[in-house]
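The structure under discussion appears below in the form of C-alpha cells.
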Amino acid sequence: MPLPFPTSWLVPDWPAPLDVQAVFTSRACPVGDAPSAAPWNGFNLATHVGDSPQAVEAHRAALKAALGARPVFLEQVHGCNVAILEEGAADSLLADAAVTTHPNLACTVMVADCLPVLLTLTNGAAVAAVHAGWRGLANGVIEAAVQTLRSLNQSNCLKASAAYATHTTDLMAWLGPCIGPDAFEVGPEVRAAFTAARPEAAACFTPRPGGKWLAHLPALARQRLAALGIPAWGNDGSPVWCTFSQPQLFHSYRARPVTGRMAACVWLARGES
C-alpha cells in the first residue's frame, strides 16, 4: 500500500478521471525518510544540485513508496522534447515533458520556481507532466505535450469523435506552484519571446524600473492552454502558489541558488503496482 503523503504535499483538486492520480511534493519528507542536510534542507529529488547521492536515492525511493507507482525522472534542459514512457522506461531521458498510457508509471517533472503542468485525457487513457520554465513555455513545450497526447488518443482510437476533432473536451490541466507574478522579474527579451508569437501575452507582463518586467507564468500558461481548448485548475497566480515567497515550504532557486527540487507527478493507478 502507498504511504500517506505529508500534509504539505499538494493533491490536485481537478475533475480528473478516477484512475488518474497526481501530487506535487514540498520540502517535507514522507514518514521514515530523513531530510537532506543544509543547504538543501528537506526533501530533494534532484541529483544535479550537489546534494548527497545517498540522500537523493533515499528520497526517490520514498517518493516511489508514497505514490505506489514508479516515478520516471527526466534530464530537463528547458526544451520542448516529449518523452513517451513505455514499461521499463529509464530515468534521465532528455526531455522536458513526459507522456504515458502505462499504469503505475508516473510522469514526473522537477521544479524549483518553474511551472509544472499536469495533463490528462478526459477519458483517462493517457497522462503527461510538463516542465514549463519561461524558455520551454515560450517555445511550445505545452503544445508539444498536448500534440503527443492527442496523437496517442487518435491513433489508438480511444476517443474518435466530434468532441475530439474540435479539441474542446479531450484534455484538462492542473498548474502547480511556481515563482509568482510579484517575484518573477525578467528582462525585455523574455517579454519579446512571448509577444512575438502571441501579442496577447503582453497582458501577462508588468513594467518595472530599468526596463525590467514582472512575468506571470501561470497566466502565460493558461493563455496557451485556452488557445488549445483545454480548461485548467490549480495555480492562479495568487501568493499561496508562489515558491519564491514561501521558501520554508517550497524549494526556490531564486530565493536560494543552492536548493533542492520538488516533483510534480501524474500517473494511471490501475491494477497492481
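DSSP beta bridges fully contained in the chain are about 70 percent antiparallel.
Heavy-atom accessible area for Thr7, with the other protein chains in place and a 1.4 Å probe, reaches approximately 140 Å². Ligands, DNA and RNA are left out, and with a 1.4 angstrom probe the accessible area of the stretch 175-255 is 44 Å² per residue.
Relative to the Cα centre, the charge distribution of the stretch 191-256, modelled as +1 at Lys and Arg Cβ and -1 at Asp and Glu Cβ, gives a dipole magnitude of about 240 debye.
Determine the distance separating the Cα centre of the stretch 49-91 from the Cα centre of the stretch 120-142; give it in Å without decimals. Cα centroid to Cα centroid, the span is 17 Å.
Accessible surface of Arg222, taken over heavy atoms with a 1.4 Å probe and every protein chain present, rounds to 70 Å².
Within the chain, what whole-number % of the accessible surface is contributed by carbon and sulfur, with the 1.4 Å probe and all protein chains included in the calculation?
That share works out to 57 percent.
Taking a ≥ b ≥ c as the square roots of the eigenvalues of the Cα gyration tensor of the stretch 1-96, is the shape rounded (a/c under 1.5), prolate (a/b larger than b/c) or oblate? Judged from the Cα gyration tensor, the stretch 1-96 comes out oblate (a/c at least 1.5, b/c at or above a/b). Of the beta bridges in the stretch 169-273, as assigned by DSSP with both residues counted there, near 55 percent are antiparallel. What does the C-alpha gyration tensor say about the overall shape of the chain? Classify as rounded when a/c is under 1.5, otherwise prolate if a/b is larger than b/c, or oblate. Here the chain falls in the oblate category. Identify the residues of the stretch 51-90 with backbone N under 16 Å of a label point that sits 7 angstrom from the Cα of Ala197 along the Cα-to-Cβ direction, or state none. The answer is 77-82, whose backbone nitrogens lie closer than 16 Å to the label point.
The values are calculated or read from the model by the stated rules, or taken from the named source; none is laboratory data. What you are looking at is a predicted structure, and each value in this text was computed from that prediction instead of being measured. Here Cβ is always computed from backbone atoms with ideal geometry, including for glycine, and neighbour counts include all displayed protein chains. Keep in mind that these areas ignore ligands, DNA and RNA; they rest on the heavy atoms of the full protein, side chains included. Shrake-Rupley method; radii C 1.70, N 1.55, O 1.52, S 1.80 Å.
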